[in-house]
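Written out below as structure tokens is the structure these notes cover.
The values are calculated or read from the model by the stated rules, or taken from the named source; none is laboratory data. Worth saying up front: this structure is predicted, and the values here are computed from it rather than measured. All Cβ positions, glycine included, derive from the backbone under ideal geometry; neighbour counts span all protein chains shown. Areas reflect the complete protein model, heavy atoms only, side chains present, ligands, DNA and RNA absent. Shrake-Rupley method; radii C 1.70, N 1.55, O 1.52, S 1.80 Å.
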Amino acid sequence: MTDARILDGKSLAATLRSGIAAAVAGLGRSHGVVPGIAMVLVGDDPASHIYVRNKTRQAGECGFFARDILLPANTPESQVLDTVAALNRDPAIHGFLVQMPLPRHIRPEAVIDAVDPAKDADGFHFVNAGYLAMGRDAVIPATPLGCLALIRLAHTDLTGLSAVVIGRSNSVGKPTVQLLLRENCTVTVAHSKSRDLPTIARTADILVAAVGRPELVRGDWVKPGATVIDVGINRLDLGGGKTKMVGDVAFAEAVKVAGAITPVPGGVGPMTIACLLQNTLALCCRKLGVSIPVPA
Ligand code: GUN
């Protein structure tokens, strides 16, 4: 059997970003408005610093007004909530996020609940999660949006396909389930405590792995010809100061069985930032009461 088609998130994200940049420029010409995005980062987590730097840089490259607010790890929760309240009021900011994870003394629910749902670039607020579950107009979390865009490279119509999502987080697993339901898939949600994960996974035409366990999904978990979306970003310590980034799927095995598969890195990861920018542009357009400008 020939190897699976590789779903190239890096190239799809670049295409998406160029469309976003054109739309941002169009909005400037038509309305004299520059969409504004802010990232709040509390603490010293090195991976979070890299993510936030990339988000800010890519937002700037697409023409956004991009701001990051870096707070020390010992910032009291009340000050983080004040920062969120100030961004809710700031007319130059159309969407923002508070990078997760937060230091242990700060309750993530309190912070997420404080974000104005109309500026919730992550789509993490319960109002947006509820709207998505009800099939209403919602801000949809960026990683699930990126997964769906990659799935669409392999399938024009998902109606009736069997989808298995491994992982039930609020940020990825649950919204991915909702999105796939909206696409008329028959969806199974599995997780680390599910019995006989391999058997469940083998029923999937579309298999999404979002559990954060390095190479959990083996080649023989994959139905021949299935589309495999790997959301995992796990750093393996190879010893001698060397590390390797792997996903939740054993890629070398799965690529022999799947019909299409995302690599790690270069699959879902790059799509997340592009979809975050898309969300922020959409929030800006919603505030102006215009539809998203189609690139010329
Ligand atoms: N940490 C890792 N991914 C994300 C994300 O998409 N949004 C936020 N706010 N924090 C994250």
- Task: Order the peptides 97-106, 193-202 from the highest to the lowest mean number of other Cβ atoms within 10 Å of their residues.
- Result: 97-106, 193-202
- Item | the range 74-155: relative contact order in percent, alpha carbon pairs under 8 Å with at least 6 residues between | 23
- Amide H proximity to V217 below 5 Å, modelled H, separation 5+ or other chain, gives V249, A250
- Task: Can you give me the span-like helices of the chain, meaning DSSP H runs with 15 Å or more of Cα extent along the axis and Kyte-Doolittle mean at or above 0.5?
- Result: 142-154, 268-288
- Extending each Cα 7 Å along its Cβ direction at M1 and R152, get the distance between those two points in nm, one decimal. 2.8
- Message: Starting from 0.36 nm per residue, how many nanometres of slack lie between K287 and A22 once their C-alpha separation is accounted for?
- Response: 93.5 nm
- Task: Read phi for every residue in the range 206-216 and hand back ³J(HN,Hα) as whole Hz from Karplus 6.51 cos²θ - 1.76 cosθ + 1.60, θ = phi - 60°, with x for Gly and Pro.
- Result: 10, 10, 10, 10, 9, 10, x, 10, x, 6, 4
- Remind me, relative contact order of the range 201-266 in percent, using alpha carbon pairs under 8 angstrom and six or more residues apart? 37
- Task: Run the quick spin-label model on V127 and N170: label points 7 Å from Cα toward the beta carbon, then report their separation in nm to one decimal.
- Result: 1.6
- Note on the structure: Short to long, in 5 Å steps from zero, the percent of alpha-carbon pairs of the range 218-261 per bin is 6, 24, 25, 18, 13, 9, 5, 1
- Task: Report ³J(HN,Hα) in whole Hz for each residue of the range 189-202, in order, from the Karplus equation J = 6.51 cos²θ - 1.76 cosθ + 1.60 where θ = phi - 60°; Gly and Pro get x.
- Result: 9, 10, 7, 4, 9, 5, 7, 6, 3, x, 5, 4, 4, 5
- Once amide hydrogens are built 1.01 Å from N within the peptide plane, the residues lying 5 or more places from L161 or on another chain with amide H under 5 Å from its amide H are T186
- With every protein chain kept in place and a 1.4 Å probe, the range 198-238 has an accessible area per residue in Å² of 44
- Would you mind working out the magnitude of the charge dipole of the chain relative to its Cα centre, with +1 at each Lys and Arg C-beta and -1 at each Asp and Glu C-beta, to the nearest 20 Debye? 220
- Order the peptides 128-141, 248-261, 68-81 from the highest to the lowest mean number of other Cβ atoms within 10 Å of their residues. 248-261, 128-141, 68-81
- Task: Read phi for every residue in the range 166-171 and hand back ³J(HN,Hα) as whole Hz from Karplus 6.51 cos²θ - 1.76 cosθ + 1.60, θ = phi - 60°, with x for Gly and Pro.
- Result: 9, x, 10, 6, 5, 7
- Residue-normalised accessible area of the range 12-59, given per residue in Å² at a 1.4 Å probe: 43
- Consider a paramagnetic label point 7 Å from the Cα of E253 along Cα→Cβ; state which residues of the range 165-191 have an amide N under 20 Å from it. 165-167, 190-191
- Message: Rounded to the nearest percent, how much of the accessible area of the range 167-291 (1.4 Å probe, protein heavy atoms only) is carbon and sulfur?
- Response: 53
- Message: If you restrict to DSSP beta bridges whose two residues both lie in the chain, what percentage is antiparallel, to the nearest 5?
- Response: 15
- Task: Quote the relative contact order of the chain in percent (integer), defining contacts as alpha-carbon pairs under 8 Å separated by 6+ residues.
- Result: 23
- With a 10 Å radius around each residue's Cβ, average the other Cβ atoms per peptide and rank 278-285, 216-223, 156-163, highest first. 278-285, 216-223, 156-163
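Which shape class, rounded, prolate or oblate, goes with the range 155-231 when its Cα gyration tensor gives a ≥ b ≥ c as root eigenvalues, a/c under 1.5 marks rounded, and past that a/b bigger than b/c marks prolate?
oblate
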- Task: Have a look at G43, G241, G146 and tell me which one the Gaussian network model of the chain (Cα, springs below 10 Å) gives the largest fluctuation.
- Result: G241
- Spelling it out for L71: with amide H atoms placed in the peptide plane at 1.01 Å from N, the residues 5 or more places away or on another chain with amide H under 5 Å from its amide H are L41, V42, G43
- Note on the structure: Among N54, L281, V255, the residue whose Cα sits farthest towards the positive end of the charge dipole of the chain, when +1 is placed on the Cβ of each Lys and Arg and -1 on the Cβ of each Asp and Glu, is V255
